[in-house]
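Engineer: After the structure tokens below, expect a handful of questions from me.
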Amino acid sequence: MKKIRLFVIGCTGSVGRSILDVCRTFPEYFEVRALAARSSVEEIGRLSLEFNPNRVILTDPGGAERLRSFPGLQAEVLAGEDALEETAASPDIDHVAVASSGTGAIGALAAALKNGKDVSLANKESIVAAGEWIMPLISGPRQLRPLDSEHNAVWQCIGDRPLSQVAKITLTASGGPFRNFSAEELDKVTPAMAVNHPVWNMGAKISVDSATLMNKGIEILEAMTLFSVPADRIDAVICPESFVHGIVEFTDGSFLMSASEPDMRLPCASALFYPRRSPFPPARTAEIAGRTVTFSRPDEKLFPCLALAKEAARRGGPFPALLIGADEAAVEYFLRGEIRFTDIPSAVESVLEGWRGGSPKSLDEALAILEEGKNLAAEFCRRI
Ligand code: NDP
Ligand code: MG
């Protein structure tokens, strides 16, 4: 059997490590041909010695320079985002996994799709801010495979059914570490508390987004784009057991739900192996009998980020990109201890409310609006 030749962008991050764990478990199915990250020299150096790719990329030129003298490294070392793009289009790659944070890999995502590669996508920022320009590049029905666990669940539920049969999509949220907090308690949340997610072990930024419920709001925007479904047919519920990840209601009134242990290696394996099922799950599913699964409404007053994202979804145009940018800056200020946890939604709201510009007309304009969102939120954070 021919091995799938992979390029993993964001290999040193939380999702990237899950992807590589699947590759480590199934070396007979996957060959890691290329690895990329931003600046983590030691980490990518070690992964390169383990997986032996032909090519290793650090987008940070200083990092790439240091990586060239990493002891024992045989692979070609390249620097910059152009190298991501060129590698994503390269004929010796079959499948590109986009698991980096930010929008630096957007060119590589576009190049992979244009060149007919299968793409597993974890990155939310690119698809929410610039989906209008990314989605038309898809040439096959299952070419783009979501890795975000809720979207992967929905993708599995929809299967090959036409979208005209989908009545409603519901994404689940664990509710984050502060699900039962009062407004007063939320005011006192520290960065250390917010990055410590009770269910998922993730990067710092997305952990804070999970705690504010902004992550769920961004995921609603992500689902709108990935599945071409309008905002009023997508919702979120709290499922504290984190066993059900996505629910699709079809036009005939039946629901399909996708359930699994909360382990990012499972959506990664489902996307990488598609259309096959992986031979055995990396984590065995526990006993079903005796399990309870409950769904409840999130409190949008206590967690206004969810309401703000829904509003951005309804308004469309520049608002999704602005929201992504504003949230990124506000979370950075919070992680540095410069604003309170409850200031994050205020910063985002001020940016959305103050915006007087029009809708983006190109991918570059969408990315410029995202940057503007960051700048405006940073200004707000410096003032408070
Ligand atoms: P992390 O912060 O853990 O890792 C980010 C990764 O991206 C690192 O490998 C980093 O490299 C790399 N990176 C950042 N910028 C660039 C760039 N310009 N070019 C190449 N590589 C880059 O993030 P997560 O793994 O948590 O999240 C990654 C993405 O997946 C985000 O968009 C997130 O929203 C999404 N996601 C995450 C989930 C999770 O469980 N963590 C679940 C669903 C979606 P370096 O180490 O060198 O900085
Ligand atoms: Mg998710």
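The values are calculated or read from the model by the stated rules, or taken from the named source; none is laboratory data. Being a predicted model, the structure only gives us computed values, none of them experimental. Ideal geometry is used to build each Cβ from the backbone, glycine not excepted, and the neighbour counts take in all protein chains shown. Note: areas computed on protein heavy atoms with side chains; ligands, DNA, RNA excluded. Shrake-Rupley method; radii C 1.70, N 1.55, O 1.52, S 1.80 Å.
Engineer: Can you bin region 241-294 into rounded, prolate or oblate? Criterion: square roots of the alpha carbon gyration tensor eigenvalues sorted a ≥ b ≥ c, rounded for a/c under 1.5, prolate for a/b above b/c, oblate for the rest.
Structural biologist: Note, shape of region 241-294 comes out oblate.
Engineer: Any idea how far the Cα center of region 99-134 sits from the one of region 160-218, in Å?
Structural biologist: After rounding, the separation between the Cα centres reads 22 Å.
Engineer: Moving on to the next point. Run the helix sum for the chain: -39,500 (n - 2.57) per DSSP H stretch of 4+ residues, divided by residue count, reported at 222 nm to the nearest 500 deg cm²/dmol.
Structural biologist: Only helices count here, giving -13500 deg cm²/dmol.
Engineer: Can you tell which of E85, E28, E125 shows the greatest fluctuation in a Gaussian network model of the chain with Cα springs below 10 Å?
Structural biologist: Greatest mean-square fluctuation among the candidates belongs to E28.
Engineer: Right, another one. Kindly report, to the nearest 10 Å², the accessible surface of M224 as traced by a 1.4 Å probe over protein heavy atoms only.
Structural biologist: In the full protein context, M224 sits at about 40 Å².
Engineer: For K361, give me every one of the lysines with a C-alpha distance below 30 angstrom, ignoring sequence neighbours fewer than eight places off in its own chain.
Structural biologist: The reachable lysines, counting only those whose Cα sits under 30 Å from K361, are K114, K117, K124, K168, K205, K216, K310, K374.
Engineer: List every residue whose amide H lies under 5 Å from the amide H of R145, counting only residues 5 or more places away in sequence or on a different chain, with H placed 1.01 Å from N in the peptide plane.
Structural biologist: Answer set, sorted by chain and number: V119, S120, L121.
Engineer: Here is a follow-up. Ordered by residue, what ³J(HN,Hα) values in Hz, to whole numbers, does region 333-342 give under the Karplus form 6.51 cos²θ - 1.76 cosθ + 1.60, where θ = phi - 60° and Gly and Pro are x?
Structural biologist: 4, 5, 5, 7, x, 8, 9, 7, 4, 6
Engineer: Report the relative contact order of region 1-63, percent, no decimals, based on alpha-carbon pairs under 8 angstrom and at least 6 residues apart.
Structural biologist: 34
Engineer: Could you compute the net charge surrounding I158? Neighbours are other residues with a C-beta less than 15 Å from the C-beta of I158; K and R count +1, D and E count -1.
Structural biologist: In short, -1.
Engineer: Then there's this: Would the chain count as rounded, prolate or oblate if I go by the C-alpha gyration tensor, calling it rounded below 1.5 in a/c and otherwise prolate when a/b exceeds b/c, oblate otherwise?
Structural biologist: rounded
Engineer: Next question, about the same structure. With contacts defined as alpha carbon pairs under 8 Å and 6 or more residues apart, what's the relative contact order of the chain in percent?
Structural biologist: Contact order relative to length: 14 percent.
Engineer: What residues have an amide H closer than 5 Å to that of S100, excluding those fewer than 5 places away on the same chain, when H is modeled at 1.01 Å from N in the peptide plane?
Structural biologist: Sorted by chain and number, the residues that satisfy this are N123.
Engineer: Which shape class applies to region 197-306: rounded if a/c is under 1.5, otherwise prolate when a/b exceeds b/c and oblate if not, where a ≥ b ≥ c are the square roots of the Cα gyration tensor eigenvalues?
Structural biologist: rounded
Engineer: When only the heavy atoms of the protein chains count and the probe is 1.4 Å, how do F7, F319 rank by accessible area, highest first?
Structural biologist: F319, F7
Engineer: Restricting the count to DSSP beta bridges whose residues both fall in the chain, what percent are antiparallel, rounded to a multiple of 5?
Structural biologist: 25
Engineer: Another question about this same structure. M202 accessible area, nearest 10 Å², 1.4 Å probe?
Structural biologist: Only protein atoms counted, so the area is about 40 Å².
Engineer: Placing +1 on the Cβ of each Lys and Arg and -1 on the Cβ of each Asp and Glu in the chain, which of A312, I57, Y333 has its Cα farthest towards the positive end of the resulting dipole?
Structural biologist: I57
Engineer: With every protein chain in place, what's the accessible area of R33 (1.4 Å probe, Å², nearest 10)?
Structural biologist: Approximately 50 Å² for this residue.
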